[in-house]
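Engineer: Pasting in a structure now, in structure tokens, and then I'll have a few things to ask.
Read-outs throughout are calculated quantities, based only on the coordinates presented, and are distinct from any laboratory measurement. As the structure is a computational prediction, the values presented were derived from the model and not from experiment. A quick note on method: Cβ atoms are made from the backbone with ideal geometry, for glycine too, and the neighbour counts reach across all protein chains shown.
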């Protein structure tokens, strides 16, 4: 389906550049068809909302990657991503042999959709834990990730020495990792699941 | 904290050669350590990737606005259709029950058959547009909108759009089907019949079963009982979704 206001290229570009107006158009144009698909396939309203968001983030990741080539309309591609993610979700929910009711044209999407979606989920969760750190820790870790040198960070943060800055950074990172592991240790780190320790 | 320090320095590439080798050897033998390295790496990516977190924030904002406005529309729709008070509902319900009981007694004493109008009232229900069709063609965007208008009860708006679609594309069976349904809702049975009949008999679509059912009901409600009965017989013999209801109508229909 082609947007009345935006072409497919504009829709993709708008997504990559996080254009709010374009993102609104995605909801107006495509949400109802995804919703109908989910509701027709053992999902509820909340599932539909979550799925649509996940599909948008997957598309966003693909588009901003740079070498993404669209071989169908944005509508069909987004529907196909959603369909793929939802069938995986049904599989998780033990609808193992579920045969979907399809309301739209769809294409075969590559298996990296799931990989991207799961990666997005993990990053989202890490970010939630990061947001719970003290503002001081968040700032130190962010400055490191932005590529500032130890000397710059020491100065910016007003710390007494570069060694203190290094230690502060590792301590903050340790807290963050411990916080994530405490909540999701089994899923992420796989404690107790491996015999080769 | 020492493990964190080692892993972070490994990821930065600031370890000495022998230290780096030691980390890699440990990772080869220890799956949990490998996972820890991956966790550190991904956590760093999540901190670095402010673009993604901004995108999540934007989605939250846009979806919040979108669903808020959708909910407002729904609430307005519900409010519009909300009865004045429970007392009125109770009175109406009591009257309806009384009328139904009286009608049933009268019917049992007078006749076992039902008129076409009665059968129509009994068996007609609004087609729930739970299935929407969309593809990459531009005119089907209009069809989506028309179906949504039908679904929301905006029949005049839906009819206008469906007429335009059907006029431009005589083979658009789905538009003809929904136009038939919309005409039924606006009590224009003759036009509904024409629209349903414009669809080929052998329409290869899951909607064909619904078309036949609603065509038969339209005929029933416009004094074409014999033609309706023919279609009900086909539906009844087909063992499809409406087969049982079609059989019951045939049993009760009196010409």
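Engineer: Give me the inter-chain shielding for B:56-68: mean count of other chain Cβ atoms within 10 Å, whole number please.
Structural biologist: Taking all residues of B:56-68 together, the mean is 5.
Engineer: Sorting check: for A:81-90, A:159-168, which peptide has the highest mean count of neighbouring beta carbons within 10 Å, and how do the rest follow?
Structural biologist: In descending order of packing, they fall as A:81-90, A:159-168.
Engineer: Please average, across the residues of B:161-170, the number of beta carbons from any other chain that are within 10 Å of each residue's own beta carbon, and give a whole number.
Structural biologist: 0
Engineer: If you don't mind, another one. Under the classification rounded if a/c is under 1.5, otherwise prolate if a/b is larger than b/c and oblate if not, where does the stretch B:2-48 fall, given a ≥ b ≥ c as square roots of the Cα gyration tensor eigenvalues?
Structural biologist: oblate
Engineer: Computed over the Cα atoms of the stretch A:132-188, what is the convex hull's projected area averaged over all directions, in nm²?
Structural biologist: Computed as one quarter of the Cα hull surface, the answer is 4.1 nm².
Engineer: How many Cβ atoms of partner chains, on average, are near each residue of A:166-177 if near means within 10 Å of its Cβ?
Structural biologist: 4
Engineer: Mind ordering B:153-164, B:27-38 by average Cβ neighbours within 10 Å, highest first?
Structural biologist: Those peptides, ordered most packed to least, come out B:153-164, B:27-38.
Engineer: In addition: Which Rg and Dmax, in Å, describe the Cα atoms of the stretch A:1-40?
Structural biologist: In order Rg, Dmax, the Cα atoms of the stretch A:1-40 give 10.9, 33 Å.
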